[in-house]
Structures are given as structure tokens and as C-alpha cells.
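These notes concern the structure reproduced below.
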Amino acid sequence: MNADEIAAGRARWQARYDAARKRDADFTTLSGMTVDPVYGPPEGTAYPGFERIGWPGEFPYTRGLYPTGYRGRTWTIRQFAGFGNARQTNERYKMILGAGGGGLSVAFDMPTLMGRDSDDPQSLGEVGHCGVAVDSAADMEVLFGGIDLAGVTTSMTISGPAVPVFCMYLVAAERQGADLSTLDGTLQTDIFKEYIAQKEWLFDPEPHLRLIGDLMEYCAHQIPRYKPLSVSGYHIREAGSTAAQELAYTLADGFGYVELGLSRGLDVNVFAPGLSFFFDSHVDFFEEIAKFRAARRIWARWLRDVYGATSEKALWLRFHTQTAGVSLTAQQPVNNVVRTAVEALAAVLGGTNSLHTNALDETLALPTDESAEIALRTQQVLMEEIGVTNVADPLGGSWYVEALTDRIEAEAEEIFARIRQLGGDGPHPIGPMTSGILRGIEDGWFTGQIAESAFAYQQALEKGEKRIVGVNCHTGTVAKDLEILRISHEVELEQRRVLAERKAARDAAAVKTAVERMVAVSRTGENMIPAMLDAVRAEATLGEICDALRAEWGVYREPARF
């Protein structure tokens with residue numbers, strides 16, 4: 001790019017920056033030195049390839065979505081939390097919000113994630129242990145009691161039974177008197193990554209895609225600010241993928257959901273802004289920053305050039321980040337505070353829109369109040385003390401970071417081509433990327449690729465080529481054992497008791513009629529969300545809704561592979 005083009009770009013950026021709202025804050029260094037809101041090539045110089053880097057708030061968004069960077073608004077502190085029953089988790093949410101958290105993020109227990117009620121025999125011993133138990137809309141009311149759902153953004157990390165859980169959230173908001181059309185938040189709903197990595201599915205892919213398509217339609221028309229899909233790379237990375245694999249598989253899944261929306265006749269400029277992303281921030285500092293920058297650039301180019309998006313917001317890749325749970329160690333767990341801080345800083349320098357920081361004890365148990373506060377304060381130290389919010393994309397133009405960004409992007413493009421190749425030449429009713437994803441799931445291609453990457457890393461650890469402090473080097477310590485949070489068996493007994501009381505008190509005939517109506521709608525082309533909402537309003541439980549659909553659609557079982 002020549003000097004005149006660079007100067008014109010800077011002028012465009014300056015005009016947008018001047019017109020944008022900025023926070024009332026001190027944007028100087030600790031010593032009082034004034035810094036510019038963005039930096040670029042020296043005036044009057046050319047920079048080959050600068051169109052791939054660009055300016056913040058301008059295509060291809062390598063340097064961020066907004067001309068102001070974090071001077072306009074900082075990332076949202078969104079701490080992921082859930083344990084025991086709804087009342088206990090509600091107390092933790094109030095603590096997080098009271099301590100400065102900017103949004104809620106719900107972790108569900110394993111029975112809920114699998115669409116099972118707490119009294120299901122398969123739920124025995126799991127209720128409330130890795131998240132909160134939610135059996136019905138009544139639990140959602142308790143979970144968000146005293147919290148204005150119309151005034152706080154709420155993220156829910158659940159995919160298999162995401163749609164009925166979302167309906168319970170809507171009914172809880174409805175019972176608060178909220179205007180549902182104004183709700184804001186994110187539902188994960190990403191079923192592709194379940195088959196690829198996390199394994200929390202209910203049905204075959206096609207019924208899940210039917211429900212997701214219905215949800216996308218419903219939100220686009222009824223709740224425009226709510227994001228019905230958070231396409232997740234986090235679980236792919238935690239399963240052992242490389243950074244490039246995490247990026248490529250995640251964006252490919254996102255392209256599949258774009259194809260799903262287009263196959264429903266939706267306008268990409270309307271529904272694409274409702275797609276968000278969820279990435280892992282691992283411990284390799286510069287690789288993670290490069291990954292986030294490449295992600296924005298790839299998404300913007302594909303949405304414009306492949307899927308025909310024309311509106312700016314449809315080209316924006318907005319993402320939440322969580323620090324890497326898999327990087328936490330049971331040995332010398334206090335070291336996890338350092339790892340989490342480094343990972344969080346990488347996410348911030350990569351331009352994350354919201355962030356969760358893991359607690360130091362999460363490799364051993366759910367976080368205690370104290371460790372959860374340390375995790376929250378980690379973000380606040382980054383936000384308030386170190387000057388990282390002063391300059392947009394401060395590493396932009398770094399030879400190393402730009403080279404890594406280009407390399408990760410190139411690897412991702414090679415993977416996209418391979419996925420599309422998996423789908424073959426024949427047309428698919430949704431689209432070519434979707435065809436390749438489904439074939440890759442069926443053949444075990446994704447899981448095989450991730451397994452190979454995980455095995456290579458483990459070999460490097462065992463040979464000492466890769467090092468983890470406290471695990472395979474610097475193993476001596478004077479640290480004492482941590483006090484960890486333990487979930488009492490009484491939580492499960494109490495949840496089952498409350499569930500039995502609610503079932504006994506409701507109108508059983510109304511529940512049966514509503515669930516049967518929902519199943520009848522599933523056999524038509526009608527959108528299922530209104531019928532499912534009616535079942536939830538009648539106090540049908542999550543297990544009852546999911547069991548009715550399992551009976552209709554069957555249960556997916558992963559093929560055995562050797």
C-alpha cells in the first residue's frame with residue numbers, strides 16, 4: 001500500500017474516531033505521557049500489504065471492530081459461574097455483579113447439559129456438581145431472582161438442550177415483567193462443536209440443525225439484540241487442538257450456521273450480527289493474539305466475498321474469551337493466577353469483546369468465593385492499572401505478530417479447503433461447508449485430527465521439550481493444600497424434593513397437552529419455539545421436553561472407531 005492510500009485510511013479512521021463516543025478516562029501512561037489512540041506507519045511512508053492490517057474499525061477488522069478500541073468501551077467482564085442449586089448460584093451472581101462484573105454467564109450441571117431432569121436415574125451423583133441444576137422455568141426464576149434480566153446481558157453455555165433452556169429463560173424474564181424483545185445476551189447452541197469435541201449432544205445432527213434454524217428465525221424476528229448462537233472454539237482447543245485448528249474448525253462451524261440461515265431464507269445482513277464466537281486464550285501469548293486478529297480478518301472476508309454480506313455489522317466477528325482451563329495445574333495451583341493473567345492479557349491485546357478469567361482452583365473443584373474474586377480482580381487490574389485500554393491494537397505492525405497472524409490465517413484457509421473437499425461435489429440442502437462438516441463428523445476426521453495434535457503435545461511434554469512449571473520442571477514447593485469448594489449430596493436430595501413438589505402442584509393434563517402439541521409441530525415445517533414456550537409455561541420440565549423429542553427423533557450415538 002502506498003503512502004497516499006495509508007494517509008487516506010488514517011484520515012477515515014480519524015473522522016470515525018472523532019465522531020465516536022469515548023469514555024471519560026485518563027488515557028496517559030503511568031508517568032503522565034500522552035499516547036495516541038492508535039499507531040501506524042510513519043507519515044509519508046509506504047507499507048506493502050498494509051491493507052491486511054488496516055485501521056481499527058475498518059475492513060478487514062484485523063485491528064478491531066471499533067475506531068476507538070477500548071477507549072470507547074472496555075471489554076465486558078463476564079464471569080462464568082454455576083454450582084449446586086439455583087439459589088446458591090444466584091448468590092454468586094449477585095456477588096459478581098456487586099463486585100463489578102458486567103454480565104452473567106451460566107454454567108449448567110451435567111444432567112442439564114444432557115437434557116435430563118435431576119430425578120432421572122442417569123443424573124445420580126451429578127446434580128449441581130459442575131454447574132447449576134435447572135429442571136424447569138421455576139428454577140430459572142430462582143436463578144435470576146432479584147436480577148433484572150432486561151437490564152443485564154446473560155450468556156448461557158449449553159448446546160444440546162439449548163433451545164428448551166432458552167425458552168425457560170424467556171419465561172423467567174416474562175414472569176419478571178420484562179419486554180422480551182429487548183433482552184440481550186448469548187446462547188451457545190453450537191451443536192457442531194459437540195460432535196467435534198465436547199460430546200454433549202441429544203439427537204442426530206439434522207434435528208439439532210432444525211431447532212437451531214428455528215431459533216435463528218425466532219430471534220431475528222422477535223428478539224433482535226439476542227445472539228442465538230455462540231460458535232465455540234473453546235472446547236475444541238481444550239480437547240487438544242492447535243491454535244490454527246481451533247480457529248479453522250470454529251470459523252468453519254460459523255460458516256455452516258451462515259449457510260443454515262441462508263437456507264431458511266433469512267437475510268445474512270439481518271441474522272449474521274446475531275452470531276458470536278467463543279475462543280480459548282491459551283498460554284502462548286503471541287500465538288493467541290495472532291489467532292484473534294486472524295479470526296476477525298477471515299470472518300469479514302468470507303462473509304463479504306463468499307456469503308454476500310454488505311452491512312458492516314454482518315462482517316464483524318464479535319467474540320467472548322475464556323482463559324485456558326486445560327493450562328491450569330493441580331500441582332502448585334497458585335501458579336495458575338499467573339497463567340490466567342497472561343492468557344487474559346493476550347485476549348485483551350487480541351481485542352476480545354468479553355472475558356472470563358478462570359480461578360486458580362478450577363483444576364481441582366468449582367471455585368470458592370475467594371478464588372472467584374481473585375479471578376475477577378485479575379481482569380480489573382488489567383482494565384484499570386496497566387494502560388492496556390489506551391491504544392487500539394498496540395501490537396499491530398509488529399513483525400512477529402503480523403507474521404504469526406498471516407501464518408495462522410494461511411493454515412486456517414488450508415483447513416477450510418479440506419473441509420469443503422470432505423463434502424464432495426454434490427449439492428447439500430444447507431451448503432457446501434455444512435456438507436463437509438457433517439461428513440467430517442461422520443468419518444471421525446475432526447476428532448482424529450485433534451487427537452493427533454494432543455498426542456504430539458503430550459509427547460513433547462514427556463520428553464521435556466515443552467515445559468510446565470510445577471509439573472515437569474521447578475517441581476519443589478512450600479505451598480500447602482488448598483481449601484476447595486465441595487458440593488454436598490444434600491444439594492441433589494433437595495433438588496429432587498423440590499422437583500417432586502413442583503410436578504405434584506402443576507396441571508399435569510396441561511403439561512401433557514402442551515408437550516404433545518410441541519411434538520406435533522416438530523412434524524411440520526412450523527417454527528417450534530412458540531409451542532416449546534407454551535410447554536415451558538405449563539411447567540414442563542427439561543427432561544420431559546427432551547425425552548419427548550428423543551422419542552420422536554431418536555438418540556445419536558457416536559460410531560465406534562479404532
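The values are calculated or read from the model by the stated rules, or taken from the named source; none is laboratory data. All values derive from a computational prediction rather than experimental measurement. Every residue, glycine as well, gets a Cβ built from its backbone with ideal geometry; the counts of neighbours run over all protein chains shown. To get the accessible areas, we keep the full protein, side chains included, count just its heavy atoms, and leave off ligands, DNA and RNA. Shrake-Rupley method; radii C 1.70, N 1.55, O 1.52, S 1.80 Å.
Sort the following peptides by mean Cβ neighbour count (other Cβ atoms within 10 Å, averaged over residues), highest first: 17-24, 308-315, 404-411.
Top to bottom by mean Cβ count within 10 Å: 404-411, 308-315, 17-24.
Output the relative contact order of the chain, whole-number percent, from Cα pairs under 8 angstrom with separation of 6+ residues.
About 18 percent, as a whole number.
Rank by packing, highest mean first: peptides 208-217, 148-157, with packing defined as the count of other Cβ atoms within 10 Å averaged across residues.
208-217, 148-157
Note down the relative contact order for the stretch 214-328 as a percent, whole number, built from C-alpha pairs under 8 angstrom at least six residues apart.
It rounds to 31 percent for the stretch 214-328.
Given +1 on the Cβ of Lys and Arg, -1 on the Cβ of Asp and Glu, and no further charges, what dipole in debye does the stretch 482-562 carry about its Cα centre, rounded to the nearest 20?
For the stretch 482-562, the charge dipole is close to 200 debye.
Around THR45, under 14 Å between beta carbons, what's the net of Lys plus Arg minus Asp minus Glu among the other residues?
-2
Between GLU43 and ARG12, what length comes free when the chain is fully extended (0.36 nm per residue of separation minus the Cα-Cα distance, one decimal in nm)?
Length gained between GLU43 and ARG12: 9.7 nm.
What ranking, highest mean first, results for peptides 170-178, 348-356 when packing means the other Cβ atoms within 10 Å averaged over each residue?
348-356, 170-178
Keeping every protein chain in place, order ASP507, ASP184 by accessible area at 1.4 Å, biggest value first, i.e. largest first.
Output order, biggest surface exposure first: ASP507, ASP184.
Scanning the chain for helices, which whole DSSP H stretches are 15 Å or more long along the axis (Cα) and average 0.0 or more by Kyte-Doolittle?
162-176, 243-263, 335-349, 508-522, 542-553
What is the percent carbon and sulfur in the accessible area of the chain, measuring with a 1.4 Å probe over the protein chains and ignoring ligands?
Here it works out to 53 percent.
Going by accessible area, probe 1.4 Å, with all protein chains left in place, what is the ranking of PHE285, PHE278, largest first?
Per-residue accessible area, sorted high to low, gives PHE285, PHE278.
Under a crude label model (7 Å from the Cα following the beta-carbon direction), how far is GLN459 from THR29 in nanometres?
Here the modelled spin labels are 4.6 nm apart.
Find which of GLN332, SER181, SER123 sits farthest along the positive direction of the dipole of the chain, computed with +1 on the beta-carbon of Lys and Arg, -1 on that of Asp and Glu, about the Cα centre.
SER181
Given 25 °C and 0.890 mPa s, how large is the Stokes-Einstein diffusion coefficient of the stretch 448-562 in µm²/s, with Rh as the Kirkwood radius over Cα pairs?
124 µm²/s
Which net charge results for the neighbourhood of LEU499, defined as the other residues with beta-carbon distances under 12 angstrom from its beta-carbon, given Lys and Arg at +1 and Asp and Glu at -1?
Overall, the nearby charge balance is -4.
Per q in 0.07 1/Å, what log10 I(q)/I(0) does a Debye calculation on the alpha-carbon atoms of the chain return?
Debye intensities relative to I(0), on a log10 scale: -0.41.
Kirkwood hydrodynamic radius (Cα pairs, Å) of the stretch 231-380?
Computed over the stretch 231-380, the radius equals 16.1 Å.
Determine the order of HIS489, HIS221 by accessible area, beginning with the largest, at a probe radius of 1.4 Å.
Order by accessible area, largest first: HIS221, HIS489.
Let me have the relative contact order for the stretch 327-390, percent, based on Cα pairs under 8 Å that are six or more residues apart.
Over the stretch 327-390, the number comes to 33 percent.
Just to be sure I understand: of the beta bridges DSSP finds with both ends in the chain, what percent are antiparallel, rounded to 5?
5 percent
Between their Cα atoms, which of LYS193/LYS466; LYS227/LYS291; LYS313/LYS512; LYS94/LYS227 are more than 31 Å away from each other?
Those over the limit are LYS313/LYS512.
As a test of understanding, state the convex hull volume per residue of the stretch 365-460 from its alpha carbons, in Å³.
Looking at the stretch 365-460, the number lands at 236 Å³ per residue.
Report VAL391's accessible area, 1.4 Å probe, all protein chains in place, as a number in Å² to the nearest 10.
Result for VAL391: roughly 30 Å² accessible.
Under a 1.4 Å probe, what is the accessible area of the stretch 156-205 per residue, stated in Å²?
It amounts to 20 Å² per residue over the stretch 156-205.
Estimate the FRET efficiency between ARG407 and ALA479 by the formula 1/(1 + (r/R0)^6), using the beta-carbon distance for r and 45 Å for R0, to the nearest 0.05.
Working from the Cβ atoms, E equals 0.70.
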